[in-house]
Each structure stands twice: as C-alpha cells, then as structure tokens.
Amino acid sequence: MIARSIGLFLAGVLLVSAIEHAKNPFFFLGTVYSYDLLDSNFGLWAAAILPTSQFLLSAMVFAQIWHAGVALVISSLFALFVFAQGLALAKGLVIPCGCFGVESNTSIGWQSLFWVLSLLIVSLFYAVCCIYEHNASKRCTITENAEK
Amino acid sequence: MISFLIALCPFVAMLPEDRADDVPVKSQISSSSVQIRSFESHGPYCGIYSILAAAASFGKSVDVASLWVPEVVSAETGSNAANLLYGLRSVGLDGTCHSGLSWLDLTENENPMILHYRSAISGQEFDHWVTLLGSNNNGKLIIYDPPFPAVETEPSMVLAKWDGFAVEVHPLGRPSLNPYLWQVMALGLFFVSVWIFTIVKSYVLSEQSLLAQACIVLVVIVSGSVLLHRILRIGLLNSSISVAAVQDRYFGTDFKEIGIEELDSKSRQGVVLVDARRATSFKNGSIRNAINVPVDSSLAHREEVLAKINRNEEIVVFCQSENCEYSDKIARFLKFNGFKKVQIYRNGIREWEDKKVVNDRS
C-alpha cells in the first residue's frame with residue numbers, strides 16, 4: 001500500500017515535469033544543452049527522450065504494468081538527474097534547473113539538488129519494494145507450478 | 001478569422017514604412033529616459049510595432065504619436081508587458097498576459113498575440129516582442145517582426161525563439177485563449193496511455209525477469225519518443241533548422257577555418273564550396289563553382305541542393321566577411337545533417353574579391 005502510494009506520487013511528479021517540458025521541446029533542448037554535459041547530438045536525443053519517458057513511465061505506474069522494471073528505470077532517471085545537477089553545481093554553472101519546464105526559474109543550487117536527491121531516495125525505496133514484490137510473486141508462481 | 005488575418009498581412013507589413021514619417025524625433029518624446037537608437041524592430045520600439053500590428057489586425061487605425069510615450073516604452077531597452085497592456089488599452093483594445101504557454105496555444109488561439117522573443121536566433125536573452133497574427137491553412141504561423149514583412153513561419157522556428165510568455169490581444173473583456181488547453185489535452189492523452197497499458201498488461205506475462213522488464217520499458221520509451229518526435233510537426237527529429245538554431249546558441253564554432261590560399265587550392269581540387277549568403281548577393285557574384293545555400297532558405301530548398309553532395313565530401317562554407325554569421329549557421333546545419341568534413345573560409349567573399357578571383361555570375 002505504501003509502495004503503491006509512493007509510486008503514484010513519483011508518477012505525479014514525472015507527469016507534471018513531462019507536461020511542462022513538452023510545452024516547448026526547443027526550450028527544453030536549450031535547457032539540456034545549458035547543462036554542458038552532452039554534445040549536440042546526444043543532447044538532442046536526451047531532449048527528445050526525457051519528457052516522453054517521464055510521461056510513459058508515469059502512465060505505466062498508473063497502469064501497474066512491468067512495475068519492477070518501471071521502478072528500476074525511474075530510479076535510474078532520478079540518479080541521472082542527481083548526477084547532472086551535481087556536476088553542474090560542481091562546475092559552477094549558473095543555469096536554471098529547468099526541472100519543471102519554462103516556468104521553473106529556480107537556479108541550480110543546493111536546494112534543487114536536495115529536492116532531486118530526496119526524489120532519488122524515495123524512488124530507490126519504491127524500486128526495492130517493487131523488486132521484492134516481483135521476486136515474491138515469482139516465487140509464488142514457481143511454488144504453484146511445482147504443486148500442480 | 002484566419003483568412004481575415006492573412007488578408008490583412010500585406011497591409012500590416014507596410015506599417016513601418018507607412019508610418020515612418022509620422023514617427024516623432026527624440027525631442028518630441030516627453031521622457032528623457034527614452035532614447036531613440038534606430039527604427040529597427042530590435043531596438044526599443046518592437047513593443048510599439050507589435051501594438052500597431054495587433055491593432056491593424058482588428059481594423060483599428062492608430063495614431064502612432066499616442067504610443068510614443070514613456071508609459072509604452074518605459075526603458076532604454078524597450079517595453080515590458082505592463083507597457084504593452086497600457087499601449088493596447090490606449091488604442092481601445094485589451095490584453096491578457098499568459099506565461100508558460102505551449103505550442104498548442106500558438107496554433108489554436110484565434111486572437112493575435114504579442115510574443116516574448118529572442119531578438120537574434122543565437123541570442124541568449126529574450127529581449128524582443130513580435131506579433132503572431134494567426135496561422136494559415138498549412139499550419140504555419142504568421143509572424144510580424146518589423147522591419148521585415150509579415151512572414152509565414154514554421155511553428156518550430158517560433159518555438160526556438162520564444163519563452164512561452166505572450167500578451168493575448170483582444171477586444172475589451174473578450175479573451176479567447178484557454179490557458180488550460182494544453183493541460184487538458186496532455187491529461188487526456190495520459191489517460192488514453194494508461195488505458196492502453198492496462199489492455200497490454202492483460203496480454204503480457206508477469207513472470208518476466210527484472211532485467212527483461214527494464215529492457216521492455218526502455219524499448220517502449222525510446223520507440224515512443226522517436227515516433228512522437230517524427231510524427232509531430234514540432235518534433236525535435238522533424239525540425240532540423242530549428243534544432244540547428246538552438247545548437248547554434250549553445251555551442252561555439254568548432255569548425256576548422258581555412259585561409260584564402262588553401263581555399264584557392266581546394267577550389268581547384270573540386271572541393272564543394274557553399275556560399276551561405278542570400279540568393280540576391282550570390283547572383284551578383286561568388287567564388288567559382290560555389291553553390292548557394294542561403295541562410296534564409298527553406299528546408300526543402302536546402303535538401304534539394306544538398307541531395308547531390310556526398311556526406312563524406314569536404315565542404316567549405318563562406319559568406320560575406322569575417323563578421324558574417326551566416327557561414328557558421330549553414331556549417332552547423334550541414335554538420336547536424338551528417339556532413340562530416342565541414343570547414344569555414346572565415347574572411348569570405350570580401351577577401352576573395354580583393355584578390356580579384358571572382359567569377360562574375362551576372
């Protein structure tokens with residue numbers, strides 16, 4: 001129940017972020033480039049894939065499909081965000097976080113890093129719960145099959 | 001409504017020239033804080049031009065002098081949103097400010113909108129106003145950005161220069177833009193996606209390994225992204241010129257630059273020479289055997305010209321002189337489209353002409 005609630009919370013965060021980013025894909029492309037992490041081609045692919053992935057992951061959480069795999073990918077996504085923000089902070093870049101689209105004017109700083117780090121921790125907890133649940137249901141299926 | 005706006009375009013396009021005689025000189029402006037630098041749109045008067053264009057689209061005749069007041073142009077850098085609202089009310093219209101708008105709002109709104117824009121495609125700041133007069137039947141947006149005439153522009157090109165803020169111009173008390181249109185559409189799409197995944201769920205096996213699940217999820221995500229950005233007109237994989245414009249802003253020129261001697265020898269070896277200047281300049285003369293890919297050319301024209309060139313061939317791009325940015329833009333466009341050996345002849349046609357090696361095409 002707790003894991004389910006956490007999953008819905010994470011899905012909500014991802015959905016809001018995806019909707020904001022998809023408003024103007026070119027603005028988001030600029031945000032990705034401003035992190036100074038990827039070259040022009042990889043940056044383009046990241047800008048194309050990230051909002052769609054947030055949207056689809058969110059829908060998958062709501063539909064409860066492939067939940068262990070989805071939880072793992074969500075955790076990886078937040079780990080990626082932590083890495084990107086940490087590196088930008090270490091480089092001393094004064095750039096908008098761009099976490100929630102055009103209107104999020106928060107610059108990258110300890111506050112935004114703390115926020116995304118918190119989300120990473122929550123998503124890791126969610127992933128652990130989902131993987132545990134996944135393994136447990138697999139064990140059940142194996143036992144059921146053996147009993148038959 | 002759209003056809004009405006299109007019909008108005010030629011008139012709107014004539015506004016700056018028509019009104020140039022009416023424009024007061026500096027001494028006639030009451031505030032000393034307002035300094036006239038030029039009558040270019042990229043100066044401080046883009047706000048006034050935008051109000052004029054919006055008023056013209058409603059068939060209103062405006063006394064330009066009434067807009068040359070500090071309440072409409074409050075700073076040396078130009079007008080802010082509050083200034084625009086004041087100006088619109090002074091001409092008998094009204095405006096509503098919207099931030100965080102989406103591409104859908106641009107294409108679906110019926111009223112003209114004054115968009116907060118970048119003055120230069122590679123500029124870092126949003127420091128300019130242009131007027132969106134509507135969209136045509138092909139889905140192109142009609143943008144009026146004086147001193148240029150109103151032009152039909154791809155929505156992606158507008159998105160590449162816009163920060164999502166706009167002043168919707170409408171008759172008093174009658175805004176038409178629904179600021180929640182995007183959210184409603186996105187949520188609708190979301191629930192459809194959830195429904196599809198719920199159906200898919202009943203057909204997939206639940207005993208897949210964790211790794212298999214993660215791989216399936218990644219495949220769904222990547223293929224969904226590619227499909228979406230290929231289908232949508234404003235998709236990143238569908239709008240190479242707009243993408244190149246954004247890339248131009250964030251990446252410095254990292255092309256190899258060559259001098260005139262090297263260019264001379266390369267041109268004799270049959271290296272592809274690309275003149276990035278506008279077509280009219282190219283017709284007046286260029287380097288021998290050069291082809292023209294004008295900086296203002298359409299994607300279709302560029303594709304037609306570049307279709308004959310092998311992507312592994314050496315290409316040298318040039319424009320007018322070392323201060324000209326066209327060669328960087330075209331070089332970046334070429335690089336983005338897979339041309340691997342792109343170089344720039346920085347000093348351009350001016351140095352080439354000085355050496356008297358121009359093949360006069362006229």
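No lab work stands behind these numbers, since they all come straight from the coordinates. Owing to the predicted nature of the structure, the values given are computational and were not obtained by experimental measurement. Methodologically, a virtual Cβ is constructed for each residue, glycine included, from the backbone with ideal geometry; neighbour enumeration extends over all protein chains shown.
Sparse packing (at most 16 other Cβ atoms within 10 Å of the Cβ) combined with a DSSP loop state is found for the following trypsin sites (Lys or Arg not before Pro) in the range B:276-320: B:Arg278, B:Arg288, B:Lys308, B:Arg311. With a cut-off of 14 Å between beta carbons, the residues surrounding A:Gly12 carry a summed charge of 0, where Lys and Arg count +1 and Asp and Glu -1.
Working from label points 7 Å from Cα in the Cα-to-Cβ sense, the B:Asp354 to B:Lys256 distance is 2.4 nm. With K and R counted +1 and D and E -1, the other residues having a Cβ less than 10 Å from that of B:Ile291 yield a net charge of 0.
Between B:Asn136 and B:Arg278, the FRET efficiency from the beta-carbon distance, with R0 = 22 Å, is close to 0.40. Of the residues A:Phe28, A:Phe83, A:Phe42, the one that moves most in a GNM of chain A with alpha-carbon contacts below 10 Å is A:Phe42.
Taking the Cβ of B:Ser321 as the centre, find all other residues whose Cβ is under 12 Å away and add up their charges (Lys, Arg: +1; Asp, Glu: -1).
-2
As a proxy for reagent exposure, B:Ile349, B:Ile330 were ordered by neighbouring Cβ count within 10 angstrom, fewest first; the result is B:Ile349, B:Ile330. For the range A:107-120, backbone phi angles converted through the Karplus equation (6.51, -1.76, 1.60; θ = phi - 60°) give residue-by-residue couplings of 6, 5, x, 5, 5, 5, 5, 4, 4, 6, 5, 4, 5, 4 Hz, Gly and Pro being listed as x. For the range B:140-146, the Karplus equation 6.51 cos²θ - 1.76 cosθ + 1.60, evaluated at θ = phi - 60°, returns couplings of 7, 8, 9, 10, 10, 9, x Hz by residue, with Gly and Pro reported as x. The range A:62-80 and the range B:258-328 have their alpha-carbon centroids 48 Å apart.
Which entries of B:Lys140/B:Lys161; B:Lys266/B:Lys340; A:Lys91/B:Lys161; B:Lys266/B:Lys341 have Cα-Cα distances beyond 19 Å here? In this structure, A:Lys91/B:Lys161 exceed 19 Å between Cα atoms. If R0 is 30 Å, the Cβ-Cβ spacing of A:Trp115 and B:Tyr180 corresponds to a FRET efficiency of close to 0.70.
Counting beta carbons within 10 Å around each of B:Glu71, B:Glu261 and listing the fewest first gives the order B:Glu261, B:Glu71. Compared with the alpha-carbon gap, the fully stretched path from B:Asp264 to B:Val151 is longer by 36.8 nm at 0.36 nm per residue. Please work out whether chain A counts as rounded, prolate or oblate from its C-alpha gyration tensor, where a ≥ b ≥ c are the square roots of the eigenvalues and a/c under 1.5 means rounded, while otherwise a/b larger than b/c means prolate and anything else oblate? Verdict is prolate for chain A.
Reported to the nearest whole Å, the Cα centre-to-centre distance from the range B:167-192 to the range B:87-113 is 11. Each residue of the range B:105-112 was assigned a 3J(HN,Hα) from its phi angle through the Karplus expression (A = 6.51, B = -1.76, C = 1.60, θ = phi - 60°), giving 5, 5, 7, 9, 6, 8, 8, x Hz with x at Gly and Pro. The fewest-to-most ranking of A:Lys91, B:Lys341, B:Lys329, B:Lys161 by surrounding Cβ atoms within 10 Å reads A:Lys91, B:Lys341, B:Lys329, B:Lys161.
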